[in-house]
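> Handing you a structure now.
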Amino acid sequence: MKRLLIFVAVALTVLTGCAFKSEANRQVNVYSARNYDVDKDMFAAFEAETGIKVNLIEGKGDELLERINREKADSVADVFLTVGAEHIFFAQQNDLLQDLNTSAISNFMIENLYGKNWVAITRRARVIVYDKTRITNPTIQRYEDLMNAQYNGKLLVRSATSSYNIALLAAMIQREGIEKATAWAAGIVNNFARTPTGNDRDQAKSAVAGLGDYAIMNTYYITTMSVSSDAEEVSVAAKLGVIYPKNTHVNISWAAIVKGSKNSAEAQQLIEYLLAKQQQTIYTQQNGEFPIRDDVAPSDLIQSWGSFETEDIDYEQLGSFVIEAVKIFDQVKWQ
């Protein structure tokens, strides 16, 4: 009997120790193409609040997806975070995503901002900007207006390799067809102020410097420039006027649980954390992104630009038009 009691006591000690060890070692492996400080701050806050360690691997969205695809026989990643809905198509076609529990988020999210195995985290609009101290009465109302001859030599935009421009053109193909999308891209090339160079910030700086009149850029850059430690960027942001074209292109950052995740409960918990009101408020206030919750208001700066109507996008199919978009850019010699 004494030996039996000793055995039971030892067994309980071992099992209890394992339970404590398991709880203490909870973790979630995140592959992220969102290389922003605000995300790192959120992961740190999540760790402090839940005790779940976030192991972060950063890279470009397409490269991370290729890595997930290579590892799918023995998945390392638990959560995939990226900018650009165009990646959803590849992920679904290659069966890389695990179904989410969407019961909680369906109460506050717009229907096209999540699917059975992905969910939008933030939104960003691709708009037209100008120097409002120099141009006081802009007449542009549509992306198509930028094709007009009156804007010859006046347009500033990133190169054809920019994922933002590829998504913009892919969405145009989805909505308008290849012929109209090709005509638009050719018209933009004809009106270049210079050979495309630099990032979105550089397009804004060049517009204010008078190297062109109108620039295409993402809205969240204006917010990050407005709070930059660089005095030039703060000055440029203050001078920018924003035009929301008809059928404004709005892309998303999104999250998913990787199929075969070894920490799927923790992955679901992290994604739900990023969708909570507090985190959504931080995204819009600090990073200038549009929240995905209908009960969280955009930042004051975003609201100052007015309201707009978004284009109708099937985010799950957007990626199927990427190859055609790249071909069009090459055809019209958009460098």
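The values are calculated or read from the model by the stated rules, or taken from the named source; none is laboratory data. Since the structure is predicted, the reported quantities are computational estimates derived from the model, not experimental observations. Glycine also receives a Cβ, built like all others from the backbone with ideal geometry; neighbour counts cover every protein chain displayed.
> Considering the range 113-133 alone, what residues qualify as being surrounded by 14 or more Cβ atoms within 10 Å (Cβ to Cβ) and more than 18 Å from the chain's Cα centre (by Cα)?
Residues satisfying the conditions are Ile128, Val129, Tyr130, Asp131, Lys132.
> For the range 85-98, indicate whether the set of residues that are at pLDDT 95 or above, under 19 Å from the mean Cα position of the chain (by Cα), under 30 Å from Val236 (Cβ atoms) and not in a strand (DSSP E or B) is non-empty.
yes
> Same structure again: If I go through the range 50-72 residue by residue, how many of them are in contact (Cβ under 8 Å) with a residue 12 or more places away in the chain and surrounded by fewer than 18 Cβ atoms within 10 Å (Cβ to Cβ)?
13
> Continuing with the same structure: Restricting attention to the range 321-334, does a residue exist that is aromatic (Phe, Trp, Tyr) and in contact with an Asp or Glu (Cβ under 9 Å, 6 or more places away or on another chain)?
yes
> Scan the range 18-41 and report the pairs whose first residue is within 23 Å of Ala255 (Cβ to Cβ) and part of a helix (DSSP H, G or I) and whose second residue is modelled with pLDDT of 95 or more and among the aromatic types (Phe, Trp, Tyr), with Cβ atoms within less than 7 Å and a gap of 6+ or a chain change.
Going by the 7 Å Cβ cut-off, the qualifying pairs are Val38/Tyr283.
> So, one more: Being of a type in the set (A, V, I, L, M), within 18 Å of Val83 (Cα to Cα) and within 21 Å of the chain's Cα centre (by Cα) narrows it down to one of Ile110, Ile166, so name that one.
Ile166
> Pick from Asn247, Asn191: which is touching a Leu at 6+ places or on another chain (Cβ under 6 Å), polar (S, T, N, Q), crowded, with 19+ Cβ neighbours inside 10 Å and more than 22 Å from Lys40 (Cβ to Cβ)?
Asn191
> Out of everything in the range 285-298 that is in contact (Cβ under 8 Å) with a residue 24 or more places away in the chain and under 17 Å from the mean Cα position of the chain (by Cα), what residue ends up being surrounded by the fewest Cβ atoms within 10 Å (Cβ to Cβ)?
The extreme case among them is Gln286.
> Continuing with this model, one more query. In this structure, does Ile173 turn out to be buried (at least 18 other Cβ atoms within 10 Å of the Cβ) and either farther than 17 Å from Met217 by Cβ or touching a Cys at 6+ places or on another chain (Cβ under 7 Å) (or both)?
Against the criterion (buried (at least 18 other Cβ atoms within 10 Å of the Cβ) and either farther than 17 Å from Met217 by Cβ or touching a Cys at 6+ places or on another chain (Cβ under 7 Å) (or both)), Ile173 qualifies.
> With surrounded by 17 or more Cβ atoms within 10 Å (Cβ to Cβ), in contact (Cβ under 8 Å) with a residue 24 or more places away in the chain and not in a helix (DSSP H, G or I) as the only criterion, which of Ile313, Ile302, Ile282 stands out?
Every option except Ile313 fails the conditions.
> Within the range 228-256, work out how many residues are in a loop (DSSP other than H, G, I, E, B) and in contact (Cβ under 8 Å) with a residue 12 or more places away in the chain.
4
> Give Ala267, Ala297, Ala237 a once-over and let me know the one that is at pLDDT 95 or above and more than 19 Å from Arg124 (Cβ to Cβ). Please lay out each step first, then the result.
Details: Ala297 fails: more than 19 Å from Arg124 (Cβ to Cβ); Ala237 fails: more than 19 Å from Arg124 (Cβ to Cβ).
That would be Ala267, the only listed residue that is at pLDDT 95 or above and more than 19 Å from Arg124 (Cβ to Cβ).
> Filter the range 262-279 for residues that are loosely packed, with under 15 Cβ neighbours inside 10 Å and in a helix (DSSP H, G or I) and give the result.
Within the range 262-279, Ala265, Lys277, Gln278 meet the criteria.
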